[in-house]
Structure formats: C-alpha cells, structure tokens
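Notes follow once the structure below has been shown.
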Amino acid sequence: MAEVAGTSSTSTSSSSQVASTSLMGNYELFLSLLTTQIQNQDPLDPLDSAEYTNQLVQYSAVEQSIQTNAYLENMVAAMESSQASSYVSYLGAQVSASGNTTMLEDGSAAWSYSLSEGANGTVEVRNSAGAVVYSSDITLEKGGGTFTWDGVSDSGGSSPEGAYTVSFDVKDASGNAEPVATEISGVVDEVDLSSGAAFLKIGDIKIPVSAVQNVSRSG
C-alpha cells in the first residue's frame, strides 16, 4: 500500500516570536524608565528630547526587522509544505534514477548502464549485507545497455527477494579501466521525508529525489 512517511508537526515557537516577546518586554521596561526619568528630571536642565526620539526610532527599527523575519519564516514554511506535497505525485510512478542498487523481484533484477568505450571484465552482485552472491565475466558494448540478473547465486540457489547492488570492473581494449554509470528503475511505493530530505522508496531502496532521471506513468 502506498504511503507517505514524514515528520509530525509540533507546536514550537519560531525564533521571530521569541524575539518579539523579548522585545516587547524590554520596550515596556524602557518606557517605564523613560517616564520615570522625565518625571524626575531637573526642570532647569531638562534632558534632550532628541535623545528620546532616537531611542524610540531604534526600538521601532528592531521591531520592523523582527516582523520582516516573521514574514520570511512564514514564506519558507509555506514553500516547504508545498514542496513536500508535490512529492506525493511520485507515488505509483515509474522512475529511473542514477544508482547501482535495485530490487530483485519475481526472479529478476535489472540495471541500465552506460560507458564511453566497449570493455571486458567482471560483474559482481552483492546482497544488502555486502556479501557477493553472484559474479561473472562480462563484455559491455560501447554506449550502454541493460544488465539483468535472474537471482541465481554462484552456489546455484535462488536468492531471496530484496535489494541488491551491482558493480563492474572492466577495461577497454587498451587495458585502461572503463568507468560504468548505472541507473535503476521501479515503481515508487513510498515517499520518506523523515530525515528532512526527500527520498523515494522502491521496496527497500531509498532514492534521493535529486537522483531521479525520468518519471512516467502507464495508462
């Protein structure tokens, strides 16, 4: 069943709210001291009214700054909420993303690969514990293609369904190591926002949204 996992909301005060409360408390204290000072000043040597005005202007500037920060916090919160909602559209969609870990399901796991030169070498498939369950010699054609594994391990047994990682160790005709870029695909069944970043889940695999290359829907 498709689901969206995320963090629960809490009733915490923003930094602007805390700052505003603190400012109002200090402002009331300032006005109280100012009133007391005016009432008790020497009538023959009154205090400069310009100084009062200057202090009031400074308090006003601080208050304006706090209000601006509050508006910005609200805007950021609205943007984050809108962005989180947009991730829901990935649910049930077929996505392809850069990566080398995919799911073995119904006796098949597949990785798309690309490389600039044809190369020969070996391929290894590891389980979620990092143990090699399959290895073989392989020839990769220039440009790219798809490597498909049927889940049969080196011992001849059928591997359980789950996440598996592929790695290639190949060299071109000149004996130089040839890097191989891999891509995975699958249907998104969950969106995980619990860490603060967005991850799409295909079975046990977590894919960062930034790694997604293509999104499609059947029908």
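Once the stretch 154-186 is narrowed to residues that are touching a Phe, Trp or Tyr at 6+ places or on another chain (Cβ under 6 Å) and more than 12 Å from T101 (Cα to Cα), the residue that is surrounded by the fewest Cβ atoms within 10 Å (Cβ to Cβ) is D154. If I filter the stretch 192-219 down to residues being more than 11 Å from the chain's Cα centre (by Cα) and aliphatic (A, V, I, L, M), which single residue comes out as nearest to S114 (Cα to Cα)? Only one residue fits best here, namely V212.
Taking first residues from the stretch 131-155 that are farther than 18 Å from S112 by Cα and partners that are among the β-branched types (V, I, T), the Cβ contacts under 9 Å between residues at least 6 apart in sequence or on separate chains come to V132/V125; V133/V125; S153/V125; S153/V133; D154/V132; D154/V133; S155/V133. Across the stretch 120-149, the number of residues qualifying as among the hydrophobic types (A, V, I, L, M, F, W, C) and under 29 Å from the mean Cα position of the chain (by Cα) comes to 4.
Residues in the stretch 130-148 that are outside any strand (DSSP E or B) and either small (G, A, S) or surrounded by 15 or more Cβ atoms within 10 Å (Cβ to Cβ) (or both): G130, A131. Summed over the stretch 84-127, residues that are part of a loop (DSSP other than H, G, I, E, B) and surrounded by 13 or more Cβ atoms within 10 Å (Cβ to Cβ) total 8.
FYI, it's all coordinate maths here, none of it is from the lab. Everything quoted here is computed from the prediction, not taken from an experiment. Cβ sites come from the backbone with ideal geometry, for glycine too, and all protein chains shown count toward neighbours.
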